Amino acid sequence: MTLNSRLTTPFNARTTAAEILDGVDLTGRRMIVTGGASGIGVETVRALAGAGADVTIATRNPRAADRLAEEFASDATPGTVRSAALDLADLASVDDFVAAWQGPLDVLVANAGIMAIPTRQLTAVGWELQLATNHLGHFALARGLHDNLRAATAARVVVVSSGAHLAAPFDFDDPQFERRPYDPWSAYGQSKTAEVLLAVGITRQWAADGITANALNPGYIFTNLQRHIDDDTMRAMGAMDEAGNLIEADYYKTPAQGASTTVLLAGSPLLDGVGGRYFDDNQEAEVVSGGPDATGGVAAYALDPAAADRLWAYAEKTLAAR
């Protein structure tokens, strides 16, 4: 495979997470999945542990992971599942999680996220909540776990982004919406562009340590990620009828299908040595210009090495100033 060739796989949009790992042995591999107790995170954890991995669910509510932990509590199941408290919007929580982690880490899945918060909300240190949760918290977590990732052999970081990144480049002039009018979708899209750039940045910064990172779009799936979207917006998106019933279009995926690209990047040998790329429907995505009319692919600005380096410097400076 040449540097500029797009990676293809035998899978498609309807492949499930379990099917991705059919025949793959992840025994002994230690993994963290943020937000792994709900939505596509549940199916991500189930597939990885089902292939033998030891998975830690990092979540604001560890009790929510009890059901999954019980599934893998017997000797009859190949992997293990445990949970630990982590609030990505609270850097003290991130620091506590990092301090408690001992030993190598093979895979970090940055899956947790929030979407379309209707009003501008700030964390305790004054960061816009979507940028803080989706990007800065994950940056702090990955940076804190760098030595653990380096201690593993060919560690991977998997960043769950979104097709929403196509509508919003990262605004380096006003990333926190301090001067420009706050828009929930612009804030969400920007945070998802930042997540793609995080994968590029990790690969650029840490490839010499044996660490690679890739980002992905899981597609359309009904999960609690949509909890902040009002009914009128859901209707405008064609996802709800006038009576308030959800409409699942043909292109919507099940959670197990939505988790498949995450699992591909986390556990498949097809991704050995691959980094700094963006995947959609289990294939590397076409690079496009982006903008409001873009309907698929990955925006060139989200893969821009210079932007990734600039965002890395911004995140480091922002964390240092907390």
task = Kindly provide the set of residues from the range 171-187 that are open to solvent by 10 Å² or more (accessible area, probe 1.4 Å) and either within 17 Å of Gly276 (Cα to Cα) or part of a helix (DSSP H, G or I) (or both), ordered by number.
result = Pro184, Trp185, Ser186
Lone unmet requirement of (1) open to solvent by 50 Å² or more (accessible area, probe 1.4 Å); (2) of a type in the set (D, E, K, R); (3) in contact (Cβ under 8 Å) with a residue 24 or more places away in the chain for Asp75 = (3)
task = For Gly210, work out the one condition from (1) crowded, with 20+ Cβ neighbours inside 10 Å; (2) of a type in the set (Gly, Ala, Ser); (3) over 19 Å from the mean Cα position of the chain (by Cα) it doesn't fulfil.
result = (1)
query = For the range 147-167, what are the residues that are surrounded by 19 or more Cβ atoms within 10 Å (Cβ to Cβ), at pLDDT 95 or above and touching a helix residue (DSSP H, G or I) at 6+ places or on another chain (Cβ under 7 Å)?
reply = Ala155, Arg156, Val157, Val158, Val159, Val160, Ser161, Ser162, His165
message = Exactly one of these conditions fails for Leu136: (1) open to solvent by less than 20 Å² (accessible area, probe 1.4 Å); (2) in a loop (DSSP other than H, G, I, E, B); (3) farther than 28 Å from Pro269 by Cα. Give me its number.
response = (2)
key: Looking only at the range 32-42, and only at residues there that are in contact with a helix residue (DSSP H, G or I) (Cβ under 6 Å, 6 or more places away or on another chain) and either closer than 18 Å to Gly52 by Cβ or open to solvent by 30 Å² or more (accessible area, probe 1.4 Å) (or both), the one that is modelled with the lowest pLDDT   = Ser38
ask   = For the range 1-120, list the helices (runs of 4 or more DSSP H) that sit wholly inside it and hold at least 3 residues that are closer than 26 Å to Arg150 by Cβ; which are they?
value = 39-50, 91-100
request  = Would you please name the residue that is surrounded by the fewest Cβ atoms within 10 Å (Cβ to Cβ), looking only at residues in the range 269-300 that are in contact with a helix residue (DSSP H, G or I) (Cβ under 6 Å, 6 or more places away or on another chain) and modelled with pLDDT of 95 or more?
outcome  = Val287
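The values are calculated or read from the model by the stated rules, or taken from the named source; none is laboratory data. Keep in mind the model is a prediction, meaning the values are calculated, not measured. Please note: Cβ atoms are built from the backbone with ideal geometry, for glycine as well, and neighbour counts cover all protein chains shown. Heavy atoms of the whole protein, side chains included, go into the accessibility calculation; ligands, DNA and RNA do not. Shrake-Rupley method; radii C 1.70, N 1.55, O 1.52, S 1.80 Å.
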